[in-house]
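**Student:** Below is a structure I'd like to ask you about.
Nothing in this text is a laboratory measurement; each read-out follows from the coordinates by a stated rule. Bear in mind that the values here come from a model prediction, so they are computed numbers and not experimental data. Glycine also receives a Cβ, built like all others from the backbone with ideal geometry; neighbour counts cover every protein chain displayed.
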Amino acid sequence: MRRSPLNPLPVEDDISNEVAELIELDPRIHERDGIFKFWYHLTAPPMQPLTASFELREAARMGRLTSTVLAITAGSLIILAIPTSLILHAPALFIVLCVLLTIISFALFLNRIGKGFTGRLMVVIAMNISLAISILTWPGGLTTNTLPVFDIMVVEPTLVALALLPPASVFIIALVNTAFIGLVFYKMPYAPDLMQTMKVDGYEVVTRPLYLLLFVIGVIYPVMRNVLRALALGDRAKEIAKVQRFMANREAAMAREKQQLDADIQKIVNSVSKIANGSIQTQISLPAAQSLWPIAGALNTLYARIRGARQSEQELQHTRNAAANLVNAIHRSKQNRMPLQLERSGNPIIDEIILELTVNQSSTHPLLEQEGKGPERNQFVQG
């Protein structure tokens, strides 16, 4: 696991990668492209790794869902709706369906470049408008053949809106479709076959699409809300797992750091004990824990000063001893009236004094003998 040189704790990106690897071990997480692989490559944004943010992963998921739903919608137009308009000899309906197919193609392009919401909204609006136009331009006016179109109008755009748009937007679509259906049955003229049906069972004819609309919304809306909530909870669970993993690694790193710190502190204590017991050559080595470096440096500086003070004390004591020996030698020379008998002491200062005394003694003694000063004078000078 990668760590910062100044921070032994794991880096957050590494925690995210570890959690993502653990999640990807679950076979239920993997999404198989199957036959849609090439289609996704053309019409959907690229998939995001599990380490990406929730917003990016949700955008990629919605992009793939949009690509799938629009592919099915376009296929139904090409295979069923457009040939039906040709069979019914309804050129207006044919044109409307072709325009809708063009809008779906443009929405797929927007989805591929990352602007899927705009494309999804365009498709839902275009589907409602195309179905409304097909009802208004149906040959012969409102007939019993147009009743299934009302069912399609309240089901197909509603399902697409629930799948591709925010769930709350479906209520706006339901309100618009309900108002449109009511106005159509209230304003448009009825064909003879529909008029006969309305006399027998008019209430069922009008309420059937409304019942389908309420049923679709009542079932699919809670499902989509739960799906979105499950996605949010899944992302939250991933974040919680990441935090738990981070805390576990943090505690482990802190435990290792504490062990290292205790070991370094014990080494410093041992070194200080050796210094206190008089070990001159002991020096505190640099500990592994960077937090102890200033302490080790300060102790080494203090130890260097203590060692210098000890050396100065030893030199002073040596000088005192050498000076005492010199004084004793001078006293003995005076008492015995004999020349000074001096040896080097090893102390630079005292040895310099001894050298001067020795030179003076050798140079003054012959001169006093030539001047005829008695032995008493010679002894006094030598003393």
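**Student:** Cut-off 15 Å, label point 7 angstrom out along Cα-to-Cβ of Leu147: give me the residues of region 175-194 whose amide nitrogen falls inside.
**Tutor:** 185, 190-194
**Student:** To continue, here is another question. On a straight-distance basis, which lysines could pair with Lys187 in a cross-link, Cα separation under 24 angstrom, same-chain partners fewer than 8 positions away excluded?
**Tutor:** Answer for Lys187, where 24 Å is the Cα cut-off: Lys199, listed by chain and number.
**Student:** Can you tell me the FRET efficiency between Arg61 and Ala248 if r is taken as the Cβ-Cβ distance and R0 is 25 Å, rounded to the nearest 0.05?
**Tutor:** Values: r = 29 Å, r/R0 = 1.18.
E between Arg61 and Ala248, to the nearest 0.05, is 0.25.
**Student:** Arrange the following residues from fewest to most other Cβ atoms within 10 Å of their Cβ: Ser53, Ser134, Ser271.
**Tutor:** Numbers: Ser53 10, Ser134 24, Ser271 19.
By the 10 Å Cβ count, ascending, the order reads Ser53, Ser271, Ser134.
**Student:** Which value, in debye to the nearest 20, describes the size of the charge dipole of region 58-158 about its Cα centre when Lys and Arg Cβ atoms bear +1, Asp and Glu Cβ atoms bear -1, and nothing else is charged?
**Tutor:** Working: 5 positive and 3 negative charges, 77 e Å.
Dipole size: approximately 380 debye.
**Student:** Run the numbers for Ile265 and Leu42: contour at 0.36 nm per residue of separation, minus the present Cα-Cα distance, in nm. Provide the component values of the computation, followed by the final result.
**Tutor:** Values: separation 223, 0.36 × 223 = 80.28 nm, distance 6.34 nm.
Stretched out fully, the Ile265 to Leu42 stretch lengthens by 73.9 nm.
**Student:** Still on this structure, please answer the following. What list do you get for Tyr211, Tyr221, Tyr186 if you sort them by fewest beta carbons within 10 Å?
**Tutor:** Values: Tyr211 12, Tyr221 17, Tyr186 8.
In order of increasing Cβ crowding within 10 Å: Tyr186, Tyr211, Tyr221.
**Student:** Given the Cα-Cα distance of Ile35 and Val219 and 0.36 nm per residue of separation, how much length would full extension add, in nm? Numbers along the way, then the final one.
**Tutor:** Values: separation 184, 0.36 × 184 = 66.24 nm, distance 2.96 nm.
Length gained, Ile35 through Val219: 63.3 nm.
**Student:** Right, here's the next one. Counting Lys and Arg as +1 and Asp and Glu as -1, each charge on the Cβ, what is the dipole of region 3-246 about the Cα centre in debye, to the nearest 20?
**Tutor:** Rounded to the nearest 20 debye, it is 220 debye.
**Student:** How many percent of the alpha carbon pairs in region 232-295 exceed a separation of 14 Å? Write out the running numbers ahead of the final one.
**Tutor:** Details: 1388 of 2016 pairs.
Taking all Cα-Cα pairs of region 232-295, the fraction more than 14 Å apart is 69 percent.
**Student:** With viscosity set to 1.567 mPa s and temperature to 4 °C, compute the Stokes-Einstein D of region 3-246, Rh being the Kirkwood radius across alpha carbon pairs; µm²/s, no decimals. Please report the intermediate quantities before stating the final value.
**Tutor:** On the way: Rh = 20.8 Å.
It comes out at roughly 62 µm²/s.
**Student:** Could you tell me how far the Cα centroid of region 202-220 sits from the Cα centroid of region 149-185, in Å?
**Tutor:** About 11 Å separates the Cα centre of region 149-185 from the one of region 202-220.
**Student:** Mind checking which lysines have their Cα closer than 26 Å to the Cα of Lys115? Skip sequence neighbours fewer than 8 apart in that chain.
**Tutor:** Correct list for Lys115: Lys37.
**Student:** For a quick check: sort Met153, Met188 by the number of other beta carbons within 10 angstrom, fewest at the front. Numbers along the way, then the final one.
**Tutor:** On the way: Met153 24, Met188 15.
Ranking Met153, Met188 by Cβ neighbours within 10 Å, fewest first, gives Met188, Met153.
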